């Protein structure tokens, strides 16, 4: 069973090696002339006038939280979908109840304006 | 011992047989992109390097590798170098479970689709780490937008995949294709039509391509999360993005358009000829069609506004997919399998 995943592990090694080799080739072939202006963050020609690690909109954070909830939901749906032809109507009703609860939460966040981006 | 080494060597050969054509495909996709968009805008596009510009991608690669890799002074160096690797590695490794024909697959794992979904989700780390490590305002803003957009469409795409699972009853990509045998009428794009459309549009949004490319909206935040990257480090991002585009197109062909099955399978009069036989050529033709759509979208659609993108993902796609999953599930439970062979 796990043996089927062995090629994946090898592929992971090959892909990692490939990306390291590409970066090394770039570092070796490319010039390496450093200067203060070149190493400064790009800001369309201005000098960077404050730190880039600034406050950001809380909605990005909100999207990330909602994503976790919904992605877990999808992870729950995967095994259900595979065995649906065996569980039949019982499985469908159970999942309908589950999705209904999810949709109630979804409607709540919609009404609360969590999905608004003016 | 010898047997193990042989097996290992064989796996390595198979991996190279996937990776090298994939990288070549990315190279020629960039050329195709410029030629196709050129033709759509009544220009010629690159045609100087080699016949019809065929050597242009190689010239581009050589030029990119000869450029300096700039590490900005204020950046976090370790994360800055790690980010492009974190974009490219999952984009390549996801190909391990892709079947190109019956039996022609590197790792025949039963959780194939779950594996693909998991790996395409990892790609967002590369984006967000790149934006953070660059310590540049444009990169930071681009990474924020891009990450929020990718995770939003990940949900719509995940639900669309669940629809395919319900119809096919398996996570194994080979079995999903074989479940569509028996002619074009059995392909899943017909019973799952809304999910098919949502899957492909989400795929375009997920890869940050036009018209959903606000993350790199060049007219406002220059190049988004990879603005500070140059040379080989930029090449890694580029390779990852295009490999993902090809992956999305290939998956669309596998899950909805019958994969390597022939569209002429059930046409009377040609049974037994090469036209009706399943072949990797059909899979590649279907993939190219979807890739052409990517280029066509870029040449014709104006860019979406960010609030419109988020509204489409959350308020339109997610409700439609939830409803359609229940509809398909009802079909399966009631055994109204009018699409099954």
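Okay, here's what the table says:
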item	result
Residues located in segment B:141-153, provided they are within 7 Å of another protein chain (Cβ to nearest Cβ) and either crowded, with 24+ Cβ neighbours inside 10 Å or touching a residue at least 40 places away in the same chain (Cβ under 8 Å) (or both)	B:148, B:152
Residue in segment B:159-166 that is over 17 Å from residue B:319 (Cα atoms) and in a loop (DSSP other than H, G, I, E, B) present	no
Count - residues of segment A:75-86 that are within 25 Å of residue B:149 (Cα to Cα) and either exposed (fewer than 11 other Cβ atoms within 10 Å of the Cβ) or touching a helix residue (DSSP H, G or I) at 6+ places or on another chain (Cβ under 7 Å) (or both)	2
Sole residue being touching a helix residue (DSSP H, G or I) at 6+ places or on another chain (Cβ under 9 Å) and free of Cβ contacts under 8 Å to residues at least 12 places away in the same chain, chosen from B:65, B:71, B:31	B:71
Any chance residue A:19 is in a loop (DSSP other than H, G, I, E, B) and either modelled with pLDDT of 85 or more or more than 7 Å from every other protein chain (Cβ to nearest Cβ) (or both)	no
Out of B:196, B:292, B:212, B:274, sole residue that is under 18 Å from the mean Cα position of the chain (by Cα) and surrounded by fewer than 17 Cβ atoms within 10 Å (Cβ to Cβ)	B:292
Filter result (in a loop (DSSP other than H, G, I, E, B) and modelled with pLDDT of 85 or more) within segment B:230-257	B:257
Flag if residue B:211 is in a loop (DSSP other than H, G, I, E, B) and at negative phi	yes
Qualifying residue in segment B:155-166 (condition: buried (at least 22 other Cβ atoms within 10 Å of the Cβ) and closer than 18 Å to residue B:241 by Cβ)	yes
Residue among B:248, B:270, B:280 that is out of contact with any helix residue (DSSP H, G or I) (no Cβ under 9 Å at 6 or more places or on another chain) and under 28 Å from residue B:112 (Cα atoms)	B:280
Any hit, segment B:135-144, residues being within 19 Å of residue B:115 (Cβ to Cβ) and at pLDDT below 90	no
Qualifying residue in segment B:295-309 (condition: surrounded by 21 or more Cβ atoms within 10 Å (Cβ to Cβ), within 13 Å of chain A (Cβ to nearest Cβ) and within 20 Å of the chain's Cα centre (by Cα))	yes
Search result, residues across segment B:325-341 that are more than 12 Å from chain A (Cβ to nearest Cβ) and either crowded, with 18+ Cβ neighbours inside 10 Å or not in a loop (DSSP other than H, G, I, E, B) (or both)	B:339
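For (1) buried (at least 17 other Cβ atoms within 10 Å of the Cβ); (2) within 30 Å of residue B:330 (Cα to Cα); (3) within 26 Å of the chain's Cα centre (by Cα); (4) at pLDDT 85 or above, each residue gets a yes or a no:
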{"site": "A:30", "(1), (2), (3), (4)": "yes, no, no, no"}
{"site": "A:51", "(1), (2), (3), (4)": "no, no, yes, no"}
{"site": "A:66", "(1), (2), (3), (4)": "yes, yes, yes, yes"}
{"site": "A:70", "(1), (2), (3), (4)": "yes, yes, yes, yes"}
{"site": "A:88", "(1), (2), (3), (4)": "no, yes, no, no"}
{"site": "A:96", "(1), (2), (3), (4)": "no, yes, no, yes"}
{"site": "A:99", "(1), (2), (3), (4)": "yes, yes, yes, yes"}
{"site": "A:104", "(1), (2), (3), (4)": "no, yes, yes, yes"}
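Rundown of residues vs (1) within 14 Å of chain A (Cβ to nearest Cβ); (2) closer than 17 Å to residue B:197 by Cα; (3) in a helix (DSSP H, G or I), yes/no style:
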{"position": "B:262", "(1), (2), (3)": "no, no, no"}
{"position": "B:270", "(1), (2), (3)": "no, no, no"}
{"position": "B:273", "(1), (2), (3)": "no, no, no"}
{"position": "B:290", "(1), (2), (3)": "no, yes, yes"}
{"position": "B:323", "(1), (2), (3)": "yes, yes, yes"}
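The values are calculated or read from the model by the stated rules, or taken from the named source; none is laboratory data. Everything quoted here is computed from the prediction, not taken from an experiment. So basically every Cβ, Gly included, is an ideal-geometry build from the backbone, and we count neighbours across all protein chains shown.
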